[in-house]
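One structure is given below, encoded as structure tokens.
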Amino acid sequence: MKFDIAVVGGGMVGASFALKLAQAGLSVVLLEKHPAKAVSKDDSFDLRISAINRRSETWLRELGAWQLMHPERICVYQQLRAFEQEQPPLDFTAAEIAEPYLGHMVENNQIQAALWQQFPTTLTTLCPATVNSIQHHPDFVSLKTEEHGEIIAKLVIGADGANSQIRQLAGIGSNGWQYQQACMLIHIQTAYPHLEMTWQQFTEQGPRAYLPLPGHDGSLVWYDDANRIAQLAAMSTEQLHREITQHFPQRLGEFTVLKQAWFPLVRSDANQYVKGRVVLMGDAAHTINPLAGQGVNLGFADAQLFAQLLIEAWQKGEDLASQRVLSSYQRQRKIANLTMMSAMDVFYQVFKSELAPVRQIRRLGLALAAKAGPLKAWVGKYAAGVK
Ligand SMILES: Cc1cc2nc3c(=O)[nH]c(=O)nc-3n(C[C@H](O)[C@H](O)[C@H](O)COP(=O)(O)OP(=O)(O)OC[C@H]3O[C@@H](n4cnc5c(N)ncnc54)[C@H](O)[C@@H]3O)c2cc1C
């Protein structure tokens with residue numbers, strides 16, 4: 001089977017990229033291990049949710065996927081609050097930057113299902129598909145698969161997540177580390193409905209965050225030492241409830257714990273996003289500390305830029321694998337992703353530090369930042385994806 005583009009990985013990023021190219025008329029094949037599952041209106045909320053910024057929302061709307069999601073399962077937020085114990089909070093609001101809202105909390109599986117639902121019949125989806133090998137040729141790449149034989153494409157896209165097999169098969173190294181910390185996601189129901197606000201409290205053990213979901217549902221994120229998170233994960237629901245009551249701000253009020261799961265915190269950055277005719281995007285290219293909820297937003301920005309460059313080249317009859325197209329993608333996205341990843345690391349270290357001088361600078365920084373001004377407006381716009 002021969003295609004212009006073969007995308008390996010049909011998660012949120014790979015599916016959005018494959019869909020855009022297929023909508024533009026390129027011949028695309030998507031290879032995925034597990035099919036996306038439909039989400040129905042009344043299902044219980046999934047634990048994996050993402051803060052989707054305005055730019056990503058526009059991307060999903062252009063693809064026609066946003067419109068297919070259940071509005072009653074999506075939660076808008078107008079305010080983002082950061083605070084330390086006994087310190088005045090730092091608030092970013094939509095009103096301050098003259099925007100109607102900052103973003104939405106959406107379940108990952110709902111985004112993925114909506115994208116798959118939008119796939120046109122011209123997009124060939126092979127699922128399950130297992131790639132055994134990649135062979136590079138001057139004008140094409142050949143993928144040998146277990147279930148579907150040989151796939152030939154002008155470009156192969158690795159959108160197969162943090163442990164990308166395509167990155168490994170292409171011999172692209174990555175550097176990074178596992179943070180000493182882990183994070184636990186806890187789905188709760190509160191006595192009071194949410195206030196369209198997401199907040200993050202900084203403690204020396206790590207941040208504690210609240211992400212609102214529609215109605216009385218919400219998600220807590222508990223960052224802590226990996227051993228402490230493992231200890232929490234082994235607790236009964238009643239014990240975990242007690243720990244949350246002791247270690248989360250009282251503003252939570254009465255709540256019930258419904259389910260939880262935990263994740264290691266990993267940072268990694270591929271040494272190259274492009275090697276020959278293989279291109280990486282999304283978590284296959286970079287994983288970022290989830291602290292600021294930017295991971296999939298960066299992945300969508302990769303997909304959006306590369307799709308735009310490829311469609312322009314294709315419409316002009318240029319080679320899809322031209323140096324101009326591939327280097328332009330790599331240069332622009334590497335700079336943007338590295339900047340965000342490094343900013344998150346500085347933020348993470350500063351807020352975790354127990355050193356008195358760092359604490360003082362942090363408090364001073366929060367107090368200064370709390371005053372409305374151009375810097376605050378810039379940060380607010382950046383987080384909302386309107387900058
Ligand atoms: C705790 C936590 C909270 C987060 N919160 C946020 C947030 O609020 N906002 C945000 O923007 N980001 C957030 N992120 C990050 C976000 O979840 C990821 O950036 C995002 O899921 C990456 O999407 P992806 O499509 O690149 O990769 P994945 O979601 O990992 O998708 C990869 C796909 O490839 C498939 N696959 C894997 N290997 C193969 C193979 N060999 N062959 C075929 N298919 C394969 C998988 O089945 C999967 O469907 C968070 C991450 C964590 C861990």
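The values are calculated or read from the model by the stated rules, or taken from the named source; none is laboratory data. Predicted, not measured: the structure shown is a model, and the values here were computed from it. Don't worry about glycine lacking a Cβ; one is built from the backbone with ideal geometry, like all the others, and counts go over all protein chains shown. What goes into the accessible areas is simple: the full protein's heavy atoms, side chains included, and nothing from ligands, DNA or RNA. Shrake-Rupley method; radii C 1.70, N 1.55, O 1.52, S 1.80 Å.
Select the strands (runs of 3 or more DSSP E) contained entirely in the range 1-62, then report the ones holding at least 2 residues which are β-branched (Val, Ile, Thr) and either under 23 Å from residue 261 (Cβ atoms) or open to solvent by 20 Å² or more (accessible area, probe 1.4 Å) (or both).
Details: elements: 2-8, 28-31, 49-53.
Correct list: 49-53.
Find the residue count for the range 1-58, including only residues that are of a type in the set (Asp, Glu), at pLDDT 95 or above and more than 26 Å from residue 183 (Cα to Cα).
Within the range 1-58, residues that are of a type in the set (Asp, Glu), at pLDDT 95 or above and more than 26 Å from residue 183 (Cα to Cα) number 2.
Out of curiosity, is residue 202 closer than 24 Å to residue 281 by Cα and more than 16 Å from the ligand (Cβ to nearest atom)?
On the way: closer than 24 Å to residue 281 by Cα: no; more than 16 Å from the ligand (Cβ to nearest atom): yes.
Answer is no for this residue.
Residue-by-condition table, conditions (1) among the aliphatic types (A, V, I, L, M); (2) in the same structural domain as residue 31 (by TED's automatic domain parsing); (3) under 17 Å from residue 26 (Cβ atoms):
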position	(1), (2), (3)
113	yes, yes, no
123	yes, yes, yes
128	no, yes, no
156	yes, yes, yes
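Quick one: in the range 211-222, of everything that is within 28 Å of residue 177 (Cα to Cα) and either at pLDDT below 95 or not aromatic (Phe, Trp, Tyr) (or both), which residue is surrounded by the fewest Cβ atoms within 10 Å (Cβ to Cβ)? Outline the logic, then answer.
Of the residues in the range 211-222, the ones within 28 Å of residue 177 (Cα to Cα) are 211, 219-222.
Subset that is either at pLDDT below 95 or not aromatic (Phe, Trp, Tyr) (or both): 211, 219-221.
Details: 211: 23, 219: 24, 220: 19, 221: 21.
Among those that are within 28 Å of residue 177 (Cα to Cα) and either at pLDDT below 95 or not aromatic (Phe, Trp, Tyr) (or both), it is 220.
Going through the range 266-303 one residue at a time, which ones are open to solvent by 10 Å² or more (accessible area, probe 1.4 Å) and among the small types (Gly, Ala, Ser)?
268, 276, 292, 293, 295, 301
Yes or no, residue by residue, for (1) under 30 Å from residue 44 (Cβ atoms); (2) in contact with a helix residue (DSSP H, G or I) (Cβ under 7 Å, 6 or more places away or on another chain); (3) more than 10 Å from the ligand (Cβ to nearest atom):
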{"residue": "146", "(1), (2), (3)": "no, no, yes"}
{"residue": "151", "(1), (2), (3)": "no, no, yes"}
{"residue": "161", "(1), (2), (3)": "yes, yes, no"}
{"residue": "168", "(1), (2), (3)": "no, no, no"}
{"residue": "172", "(1), (2), (3)": "no, no, yes"}
{"residue": "175", "(1), (2), (3)": "no, no, yes"}
{"residue": "180", "(1), (2), (3)": "no, yes, yes"}
{"residue": "184", "(1), (2), (3)": "yes, yes, no"}
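If you take the residues in the range 229-244 that are part of a helix (DSSP H, G or I) and in contact with a helix residue (DSSP H, G or I) (Cβ under 8 Å, 6 or more places away or on another chain), which one is most open to solvent (accessible area, probe 1.4 Å)?
Applying the first criterion (part of a helix (DSSP H, G or I)) to the range 229-244 yields 229-233, 237-244.
Going one step further and asking which of them are in contact with a helix residue (DSSP H, G or I) (Cβ under 8 Å, 6 or more places away or on another chain), we end up with 232, 240, 243-244.
Values: 232: 0, 240: 1, 243: 38, 244: 1 Å².
Only one residue fits best here, namely 243.
Across the range 273-298, what is the number of residues that are out of contact with any strand residue (DSSP E or B) (no Cβ under 8 Å at 6 or more places or on another chain) and either closer than 23 Å to residue 21 by Cα or among the acidic types (Asp, Glu) (or both)?
Number of matching residues: 3.
State yes or no: is residue 120 at pLDDT 95 or above and open to solvent by 60 Å² or more (accessible area, probe 1.4 Å)? Don't jump to the end; show me each part of the working.
On the way: at pLDDT 95 or above: yes; open to solvent by 60 Å² or more (accessible area, probe 1.4 Å): no.
No.
Are there any pairs, at least 6 apart or on different chains, whose C-beta atoms fall under 6 Å, with the first in the range 275-302 and hydroxyl-bearing (Ser, Thr, Tyr) and the second open to solvent by less than 20 Å² (accessible area, probe 1.4 Å), and if so, which?
Listed by first residue and then by second, the contacts come to 287/268.
Out of (1) open to solvent by 80 Å² or more (accessible area, probe 1.4 Å); (2) closer than 21 Å to residue 157 by Cα, what's the single condition that is false for residue 96?
The one condition residue 96 does not meet is (2).
So which residues in the range 63-77 are in contact with a strand residue (DSSP E or B) (Cβ under 6 Å, 6 or more places away or on another chain) and open to solvent by 20 Å² or more (accessible area, probe 1.4 Å), if there are any at all? Walk me through how you get there before you give the answer.
We begin by selecting, within the range 63-77, every residue in contact with a strand residue (DSSP E or B) (Cβ under 6 Å, 6 or more places away or on another chain); these are 74-77.
Those that are in contact with a strand residue (DSSP E or B) (Cβ under 6 Å, 6 or more places away or on another chain) and open to solvent by 20 Å² or more (accessible area, probe 1.4 Å): 74, 76.
Mind listing whichever residues of the range 149-166 are closer than 16 Å to residue 302 by Cα and in contact with a Leu (Cβ under 6 Å, 6 or more places away or on another chain)?
155, 158
Regarding residue 132, is this residue free of Cβ contacts under 8 Å to residues at least 24 places away in the same chain and within 12 Å of the ligand (Cβ to nearest atom)? Spell out how you get there, then give the answer.
Working: free of Cβ contacts under 8 Å to residues at least 24 places away in the same chain: yes; within 12 Å of the ligand (Cβ to nearest atom): yes.
Considered against the rule, which asks whether it is free of Cβ contacts under 8 Å to residues at least 24 places away in the same chain and within 12 Å of the ligand (Cβ to nearest atom), residue 132 comes out as yes.
Is the range 256-264 home to any residue that is small (Gly, Ala, Ser), open to solvent by less than 70 Å² (accessible area, probe 1.4 Å), within 16 Å of the ligand (Cβ to nearest atom) and not in a strand (DSSP E or B)?
Initially, the range 256-264 is screened for residues small (Gly, Ala, Ser), giving 261.
Restricting the remaining residues to those that are open to solvent by less than 70 Å² (accessible area, probe 1.4 Å) gives 261.
Next, only the ones that are within 16 Å of the ligand (Cβ to nearest atom) stay: 261.
Subset that is not in a strand (DSSP E or B): none.
Taking every residue of the range 256-264 in turn, none turns out to be small (Gly, Ala, Ser), open to solvent by less than 70 Å² (accessible area, probe 1.4 Å), within 16 Å of the ligand (Cβ to nearest atom) and not in a strand (DSSP E or B).
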